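The values are calculated or read from the model by the stated rules, or taken from the named source; none is laboratory data. Note that this is a predicted model, so its numbers are computed, not measured. FYI the Cβ positions are ideal-geometry reconstructions off the backbone, even for glycines, and counts take in every protein chain you see. Please note that ligands, DNA and RNA were not included when accessible areas were found on the heavy atoms of the full protein model with its side chains. Shrake-Rupley method; radii C 1.70, N 1.55, O 1.52, S 1.80 Å.
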Amino acid sequence: MTEYTYEFRPGLEGVPVAKSSISYVDGQRGILEYRGINIEELAQKSTFLETAYLLIWGKLPTREELNRFQEDINRHRRIKYQIRDMMKCFPETGHPMDALQTAAAALGLFYSRKAQLEEEYIREAVVRLLAKIPTIVAAFAQIREGNDPVQPKENLNYAANFLYMLTEREPEPLEARIFDVCLMLHAEHTMNASTFSAMVTASTLTDPYAVVASAVGTLAGPLHGGANEEVLLMLEEIGSVKNVRPYIEHCIENKKKIMGFGHRVYKVKDPRAKILQQLAERLFELTGYDEYYEIALEVERVVEEKLGHKGIHANVDFYSGLVYRKLGIKPDLFTSMFAIARVAGWLAHWKEQISYNRIFRPTQIYVGEHNLPYIPIDERS
Ligand code: CMC
């Protein structure tokens, strides 16, 4: 019998579960790199699809490689009518993340089940998932309003096409660019809960649609991707700048988490939160001021004052909701925006995982009893 003497770390804090060259976080200095390139530089110079390519294939694409990748994705944006019809049967009150998880898993019904290590299989799965996940999100958003899904538009780029399918309006170039940057910022973040979930699923060598579906389910929770929706609900509940201080003090006294703050790794302000805040300000110049921004700034000031010394600062979810709200996206769709982007990171980890795969099979520390008798039902108290 194998005896394990490892220390139990709740939440696996500090326990490495992989060797990876996809991304890197320095939580003390607030640095995030994708394949060694700083996120701030990517946010200024790259696009989401180029960044997805970088994450998945480990290098920036040549112009030719990028063109082919974009063309392939454009060709696969449509979803099968059976998936659309299936979504028409979903309750319109259902959460968009549940709809996305179901539809992502359903893609696996149409394509090959068993993951293969062949480059062509990987490429096809990557293209299909990156192409179809935004279409699924936009389609459910339309269907639940009683509308038919809007078909993808050939001449629009990835971000612009998604906003078009969601709102039936072609976005301004700045709106599309800002959304594209949001996707880049959310594309990957080392070993977080949904990525770990993706990797555990991937390690069984099931298909990549199941990998993405399991990750979507994990991302949906309020302690992970669901926090951006909760941030907006919190700002709504606070209602005005003068209510901020008593609200935050009440949360702290009652040990209630303040959404959009704190991070397992970052002990300074999340670099993505800084960029998102700048993007929000650029959007306000284009589309008008948002009254929630004043409230958000005051929330950040008070949380810094009360909890900054504990290393609790704004995380990626704090300002993303304000940007999405200005782009006309409903709060219960915010986490789906995160999912659209994170598909790139999940697939990068899937590809890395299957290249050296060993099934995840951790252990546990059994704290129950042994050798108890079976008590017949009539004798139980
Ligand atoms: N508000 C108030 N106190 C907090 C917060 C917060 N947002 N975050 C952490 N703390 C306190 C917590 O109460 C605890 O205090 P004490 O030591 O006195 O008991 C201490 O900080 C450590 O907290 P923890 O929950 O043990 O830390 P963790 O590393 O397990 O959790 C976290 C990290 C992100 C789940 C947590 O900070 C949190 O729940 N934040 C709010 C939800 C949120 O914004 N999530 C988005 C995370 S970033 C994007 C993503 O991953 O999706």
Cα centroid separation, segment 99-162 to segment 61-92 (Å): 4 Å
Rough spin-label spacing in nm, given labels placed 7 Å along Cα→Cβ, for LYS267 and LEU205: 4.2 nm
Heavy-atom accessible area per residue - the chain, 1.4 Å, Å²: 50 Å²
Charge-dipole axis of segment 1-64 as Lys and Arg at +1 and Asp and Glu at -1 on Cβ define it, positive-most pick from LEU60, ILE37, TYR6: LEU60
Segment 91-195: relative contact order as a whole-number percent, Cα under 8 Å and 6+ apart: 20 percent
Value of relative contact order over the chain, rounded to a whole percent, pairs C-alpha under 8 Å and six or more apart: 23 percent
Label-to-label distance, nm, for residues given as ARG123 and TYR374 (7 Å Cα→Cβ offset): 5.7 nm
Positive-end residue, the chain charge dipole about Cα centroid, Cβ charges, pick of SER336, THR102, ALA198: ALA198
Carbon/sulfur fraction of accessible area - the chain, other protein chains in place, 1.4 Å, %: 51 percent
Only Lys, Arg (+1) and Asp, Glu (-1) charged, at Cβ; segment 227-326 dipole about Cα centre in debye: 480 debye
Cα gyration tensor shape for segment 314-370, rounded if a/c is under 1.5, else prolate or oblate: oblate
Computed magnitude of the charge dipole of the chain (debye, nearest 20; Cβ of K, R +1, Cβ of D, E -1): 600 debye
Dipole-positive endmost among TYR164, TYR121, MET184 within segment 61-189 (Cβ charges, Cα centre): TYR121
TYR356-GLU154 FRET efficiency (beta carbon distance; Förster radius 30 Å; 0.05 resolution): 0.15
Label-point separation, SER21 to THR363 (7 Å along Cα→Cβ), nm: 3.2 nm
Long-range HN-HN contacts of PHE261 with modeled amide H, under 5 Å: ASN315
C-alpha center-to-center spacing [segment 312-381, segment 244-297] in angstrom: 23 Å
